[in-house]
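Inspection log for the structure reproduced underneath, given as structure tokens.
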Amino acid sequence: MRGNELQALGKLAGDAVGRPASLAGGIHSVVAGRTFKALGILGAPARFVHDGISGAAYRGVTSAIAAPARAGASA
């Protein structure tokens, strides 16, 4: 197996392992969106903060879960 094939396999494995966290973030976003839509303009400041924090958290978790597989293939 060539080096570039190993890197591609590591990226694929990282994406597969990190996908559940990304999916959970998407579900969280949809549920929160419904709640904030019901609040209307009154919920806008809280939504702004919520979306920033939760988006960063889910991106961080997804990256942290996927990183070992990607790094292992690169090594």
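The values are calculated or read from the model by the stated rules, or taken from the named source; none is laboratory data. These numbers were taken from a predicted model, which means no experiment stands behind them. No Cβ is skipped: glycine too gets one built from the backbone with ideal geometry, and neighbour counts run over all protein chains shown. We work out accessible area using only protein heavy atoms, side chains counted, and drop any ligands, DNA or RNA first. Shrake-Rupley method; radii C 1.70, N 1.55, O 1.52, S 1.80 Å.
Considering each residue of segment 56-66 in turn, at least one proves to be under 21 Å from ALA13 (Cα atoms), open to solvent by 90 Å² or more (accessible area, probe 1.4 Å), out of contact with any strand residue (DSSP E or B) (no Cβ under 7 Å at 6 or more places or on another chain) and part of a helix (DSSP H, G or I). When ALA13, ALA69, ALA38, ALA64 are checked against the criterion of being among the hydrophobic types (A, V, I, L, M, F, W, C) and under 13 Å from the mean Cα position of the chain (by Cα), a single residue qualifies: ALA64.
Out of all the residues in segment 45-58, is one or more under 29 Å from GLY3 (Cβ atoms), over 11 Å from the mean Cα position of the chain (by Cα) and not polar (S, T, N, Q)? So far as segment 45-58 goes, no, none of its residues is under 29 Å from GLY3 (Cβ atoms), over 11 Å from the mean Cα position of the chain (by Cα) and not polar (S, T, N, Q). Residue count for segment 1-55 under the criterion of being among the small types (Gly, Ala, Ser), open to solvent by less than 50 Å² (accessible area, probe 1.4 Å) and over 29 Å from ALA71 (Cα atoms): the result is 5.
A search for C-beta distances below 6 Å between a residue of segment 1-23 that is farther than 15 Å from VAL61 by Cβ and any residue that is open to solvent by 90 Å² or more (accessible area, probe 1.4 Å) and at pLDDT below 85, counting only pairs 6+ apart in sequence or on different chains, returns GLY10/ARG70; LYS11/ARG70.
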